[in-house]
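Novice: The structure's right below; bear with me while I get my questions together.
The values are calculated or read from the model by the stated rules, or taken from the named source; none is laboratory data. Computed from a predicted model, the values in this text were never measured in an experiment. Here the Cβ is made from the backbone with ideal geometry for all residues, glycine too, and neighbour counts use every protein chain on show.
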Amino acid sequence: MSLSSGVMLVGQSAGHLRHSPALPTKTRGLGTNAVKKGGLYIGDITSQYKYKNTTIDIKVDTESKVSSTITLVDLLPFTKTIANVRLPDYNSGKLEVQYFHDHASIAGVVALKQSPSVDISGTFGSHGIVFGAEAGFDTGSRTFTKYNVGLSLTKSSNDETMLISIKLCHFFSTRADKGETLRASYVRYIHEKQTCAGVAEITRKFSTNENTLTVGGLCELDPLTTVKAKLNNNGKLAALLQHQLKPNNVLTISGEFDTKALDKHPRVGLSVAIRP
């Protein structure tokens, strides 16, 4: 379980850098999401259409905003091309190209506007050691928006009861961060089939001498049900339950609240994905 998916640069081993398999020939799907925030419900409706190596996703939310994503696999060998457009904000469109190989991956993202921003990232490695880096550049201001580097180390101990995975040294910097943050995470699988795992992550901000510790866990209760939970030292507790109702139909219930501010309303989310 990843506790910081938004900033994980190289959280996957080299074996996961390989090219994705071909998509199904033709499928359709419809899903809904709803989140209660205070006294309001915020939700959206999503639809997905797949044909050969092309996937089209469309989402409409309660604010009448429409976003569409078109994904093409193997437009060129070992590549995935993703185009995203949001309406009515025409300047929010992006074009992304990803290249995958056995021990390396490269991705580039360009914003579809008059003065586009460009993001480039790459990872390479093998045998449990993976290096990664990314950079962002704003062509309008001619400045770097981010420049991140990372390292992932994975060590396995395969016996009858456990597998240990260690991921650490996720070091990153941005214009606001100035390289002041260091993140390390530890993952321990307590079942040989990796159905249950414990996770610990610590983040250090050097400028403020602030440390944030997050612990969590993941467990597959049965082949159809998965439970995740995490808690940090600031008192934020979050949990998620995911259950497969039928093949291709998934129900997800999530919740989050502040244990140090029990007078505040917790956040509750409900998601149902339905695919034929």
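Novice: Enumerate the strands (runs of 3 or more DSSP E) found wholly within the stretch 161-219, keeping only those where 2 or more residues are over 20 Å from the mean Cα position of the chain (by Cα) and modelled with pLDDT under 70.
Specialist: Correct list: 163-172.
Novice: Right, another one. Which residues, counting only those in the stretch 235-251, are surrounded by 12 or more Cβ atoms within 10 Å (Cβ to Cβ) and either part of a loop (DSSP other than H, G, I, E, B) or of a type in the set (F, W, Y) (or both)?
Specialist: Matches in the stretch 235-251: G235, N248.
For (1) surrounded by fewer than 16 Cβ atoms within 10 Å (Cβ to Cβ); (2) modelled with pLDDT under 85; (3) under 20 Å from G136 (Cβ atoms), each residue gets a yes or a no:
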| residue | (1), (2), (3) |
| --- | --- |
| T62 | yes, yes, no |
| L76 | yes, no, no |
| I82 | no, no, yes |
| L112 | yes, no, yes |
| P116 | no, no, yes |
| S121 | no, no, yes |
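A quick yes/no check of all residues on (1) farther than 30 Å from S152 by Cα; (2) touching a residue at least 24 places away in the same chain (Cβ under 8 Å); (3) part of a strand (DSSP E or B):
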{"position": "Y49", "(1), (2), (3)": "yes, no, yes"}
{"position": "D57", "(1), (2), (3)": "yes, no, yes"}
{"position": "I82", "(1), (2), (3)": "no, no, yes"}
{"position": "S115", "(1), (2), (3)": "yes, yes, no"}
{"position": "I120", "(1), (2), (3)": "no, no, yes"}
{"position": "V130", "(1), (2), (3)": "no, yes, yes"}
